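The next block holds one structure in the form of structure tokens; read it before the comments.
The values are calculated or read from the model by the stated rules, or taken from the named source; none is laboratory data. Remember, predicted model here, so these are calculated numbers, not experimental data. Don't worry about glycine lacking a Cβ; one is built from the backbone with ideal geometry, like all the others, and counts go over all protein chains shown.
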Amino acid sequence: MPSVNNLLKSLLVDDHELIRLGVELKLKETGLFKLIHHARNGKDAVERARNHDYDLIFMDIAMPVMDGIRATGIINTLNKETKIIALSSISDKKYIFEIVQAGAYGYLSKEADAEEITDAVKTVCNGQKYFSKRVAVYLLEDEPDVGYAVRQQWPVIELAPREIDVLKLICQEFTSKEMAAFLNMSIKTIEKYRERLLEKTGAKNLAGLVLFAVSRGIVIV
């Protein structure tokens, strides 16, 4: 299992060079990576995975030559220690489920910022699944069984007014810096509120907090 205690080796897989370069900048901003390779399609990714021991692979879904779902399945058989995170603009549940079934550990939107990428990487390196906030909401909205299971995770939980304020801003995808400015607090105080929300709700990451907020009617989507 890769560990965020050490800098990570990663592979970015996308058929658009500009997108790869943009994501690479975000990855570097996290400070978690020592090596970032690029691949243009699924076939290229499989070949690189045969020759390198990557900790994490960020995999696009729709690509020429070989798509990300097939590539994920092949790489997963080559090396179980390499963790794959789907990185795509596609939000269709069918493709989300297919790439997870193929072995992906999570799903991030290409619009994810460095803060959410950091959260996803730490979650996956701890052996847990990670879904972007938007995808988590889609799953909750469209899958009654998922919604029921989500609601059963949390008993009656009382949140203070300020905790609710922070939770609502998290659901609006505010960064810690933006929340601090909006609520006239320090970033350190915002981080304490986030930690308290995670502890109270038992959520493992920001996506879990969004699920909690939606399931409890704190935010309406």
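If you filter region 20-71 down to residues that are touching an Asp or Glu at 6+ places or on another chain (Cβ under 7 Å), over 22 Å from residue 130 (Cα atoms) and not charged (D, E, K, R), you find that the one that is surrounded by the most Cβ atoms within 10 Å (Cβ to Cβ) is 63. Screening residue 81 against (1) in a strand (DSSP E or B); (2) surrounded by fewer than 17 Cβ atoms within 10 Å (Cβ to Cβ) leaves a single unmet condition, (1). Screening region 196-221 for residues that are part of a helix (DSSP H, G or I) and without any contact (Cβ under 8 Å) to a residue 40 or more places away in the chain and picking the one that is surrounded by the most Cβ atoms within 10 Å (Cβ to Cβ) gives 197.
May I ask you to say which residue of 160, 86 is closer than 22 Å to residue 15 by Cα and modelled with pLDDT of 80 or more? Answer to the selection: 86. If you go through region 9-19 and pick out every residue that is surrounded by fewer than 17 Cβ atoms within 10 Å (Cβ to Cβ) and either out of contact with any Asp or Glu (no Cβ under 9 Å at 6 or more places or on another chain) or among the β-branched types (Val, Ile, Thr) (or both), you end up with 3. Does residue 99 satisfy the condition of being under 16 Å from the mean Cα position of the chain (by Cα) and assigned to a helix (DSSP H, G or I)? When the stated conditions are applied, residue 99 passes them. Suppose the filter is under 16 Å from residue 119 (Cβ atoms) and of a type outside the set (A, V, I, L, M); does residue 195 pass it? The answer is yes for residue 195.
Would you be able to tell me the number of residues in region 88-125 that are touching a residue at least 40 places away in the same chain (Cβ under 8 Å) and of a type outside the set (Val, Ile, Thr)? Of the residues in that region, 14 qualify.
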